[in-house]
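Shown next, in structure tokens, is the structure this report addresses.
The values are calculated or read from the model by the stated rules, or taken from the named source; none is laboratory data. Not measured: the values here are computed from a predicted model. Counting neighbours? That spans all protein chains shown, and the Cβs are built from the backbone with ideal geometry, glycine included. Protein only, heavy atoms only, side chains kept; ligands, DNA and RNA dropped before computing areas. Shrake-Rupley method; radii C 1.70, N 1.55, O 1.52, S 1.80 Å.
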Amino acid sequence: MLSEQAQDAGQLSTAGQRYCIGIVGAGSIGCYLGAHLCQDNALDVKFFGRETMALELAAHGLSVTSFDHHSYFAQPVAFYSSLNSLIECDVVLLTVKATALVPMLSQLKRFLRPDVPVVAMQNGIGIGEMLNQDLANPVVRAIVPFNVVKSSAGQFHRASAGAIVWQQNSYGVVNYIIQTLQQLKLPVQLCANITAAEYGKLLLNLNNALNAISGLPLLQQLLDRKWRLLLAAAMQEWLSICRNAGVKPLAYTALPNVLLPWFLRLPTAVFRHVAGKMLTIDAHARSSMSDDIRSHKRTEIMFLNGAVVRMAQLQQIAAPVNSVLVEQIKRLESGEAALPIDELLHQAGLKA
Ligand SMILES: NC(=O)C1=CN([C@@H]2O[C@H](COP(=O)(O)OP(=O)(O)OC[C@H]3O[C@@H](n4cnc5c(N)ncnc54)[C@H](OP(=O)(O)O)[C@@H]3O)[C@@H](O)[C@H]2O)C=CC1
Ligand SMILES: CC(C)(CO)C(=O)C(=O)O
């Protein structure tokens, strides 16, 4: 049964079955989505992740909040630091970072039943292909457009807006999850052309590296024209590659993608005015790559700006701006400082 709030919104059915959902990689995105799904008593939600997270959720419960004031609390949370219980799952929401996929694959192969759909929620391109190469299970892609940050022990906060894009699919359990989230006021969008959805999200994620290099909160970084000039140039490179590849990236903002670079180059006062609602983002939000750098973790750079550089090489064109960004993130990963913005603009051949 769904909670009262969800029941009010319409009819859902599990056809009498109690679905068991595995959230594999219970961090920001996994805990945020999992807390929503725990509101539905027809679902048995199991979280798989690190022991430190298990202890944290045992002590504090799991709560989620959002910039739009929707909040949920879940306790007790069924948390496992070993993956053995994956065997019970009817579906997996795979929410580890893209960098953790390879070691995770062997575990999934070992414990998952072969018919169980795996929903891959990573940022980046080529994720579905990578999983399909090594995993017999069906893979469904889903793309999260909003930002989630851990705000305190056991608490995850959605800091920006947007509907999760789900690849159209025929798996009853996946479609049940989609409807449940929608009824719990977490917007969803179904998409037949998942390549377009991935490519469109990558356009926005090109800012993850810039945000990490700047060390600033997203809002502050976006309100600085020098950083926007770099982002506009990085986007321009990716849009040219998409055009050459014959893919029209899905738009995640109110503006058409092709206008984004122009829009970013506007003077800040005009940008702020025109952006209006597009800048609905908490003052403290940062990209997930910025969080990785601050916690000394490996970043997803090779799945983002690194993928742009690889595709540019395949198309035999240059992507100097994204190459500079990859280089800078590698510096940060190895503990060196990144170059100042004026130097970056210079290296990228741009003038402020
Ligand atoms: N956070 C955000 O705002 C957004 C994130 N995304 C994307 O969603 C994906 C997930 O990101 P996010 O939730 O931020 O990542 P997190 O790092 O917060 O969560 C992943 C969790 O999985 C754990 N983990 C990794 N490998 C294993 C393993 N083998 N066994 C158990 N636990 C494991 C990690 O632990 P440890 O760190 O110790 O390895 C971590 O706690 C990424 O691809 C990201 O780009 C997309 C949109 C927004
Ligand atoms: C939501 C967004 C675009 C925020 O930067 C993101 O995908 C991330 O942080 O990884």
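Points worth noting:
- Net charge dipole size for the chain [Lys, Arg +1 and Asp, Glu -1 on Cβ; Debye, nearest 20]: 700 debye
- Net lengthening on full extension, Arg265/Gln189 (0.36 nm per residue, minus Cα-Cα): 24.4 nm
- Members of Lys277/Lys330; Lys185/Lys226; Lys226/Lys330; Lys201/Lys226; Lys150/Lys201; Lys46/Lys248 lying beyond 27 Å, as alpha-carbon distances in this model show: Lys277/Lys330; Lys185/Lys226; Lys46/Lys248
- Phi angles of region 344-352 translate, via the Karplus equation with coefficients 6.51, -1.76, 1.60 and θ = phi - 60°, into HN-Hα couplings of 5, 4, 4, 4, 7, x, 10, 10, 6 Hz per residue; Gly and Pro are given as x.
- Taking the Cα centre of region 4-192 as origin and assigning +1 to Lys and Arg Cβ atoms and -1 to Asp and Glu Cβ atoms, the resulting dipole is close to 320 debye.
- Just checking the listed ones, Asn305, Asn208, Asn132: in the Gaussian network model of the chain with Cα springs under 10 Å, the one fluctuating most is Asn132.
- Here the chain yields Rg over Rh of 0.96, to two decimals, using C-alpha coordinates and the Kirkwood radius.
- Over the chain, relative contact order from alpha-carbon pairs under 8 Å, at least 6 apart, %: 15 percent
- Lys, Arg +1 and Asp, Glu -1 on Cβ, resulting dipole of region 67-157 about Cα centre, debye, nearest 20: 200 debye
- Gaussian network model of the chain, springs between alpha carbon atoms under 10 Å - residue of Tyr32, Tyr176, Tyr199 with greatest fluctuation: Tyr176
- Within a Gaussian network of the chain (alpha carbon springs, distance under 10 Å), most fluctuating of Ala269, Ala74, Ala58: Ala269
- Computed from backbone phi with θ = phi - 60° and the Karplus coefficients 6.51, -1.76 and 1.60, the 3J(HN,Hα) list for region 335-340 is x, 7, 7, 7, 6, x Hz; x is used for glycine and proline.
- Under Karplus coefficients 6.51, -1.76 and 1.60, residue-wise ³J(HN,Hα) of region 247-255 in Hz, glycine/proline x: 10, 9, x, 5, 8, 9, 10, 5, 8
- Among beta bridges that DSSP assigns inside the chain, antiparallel share in %, nearest 5: 30 percent
- Å² of accessible area per residue within region 203-320, as computed with a 1.4 Å probe and no ligands counted: 46 Å²
- When the chain is described by a simple charge dipole with +1 on each Lys and Arg Cβ and -1 on each Asp and Glu Cβ, the residue from Leu131, Val144, Val258 located farthest towards its positive end is Val258.
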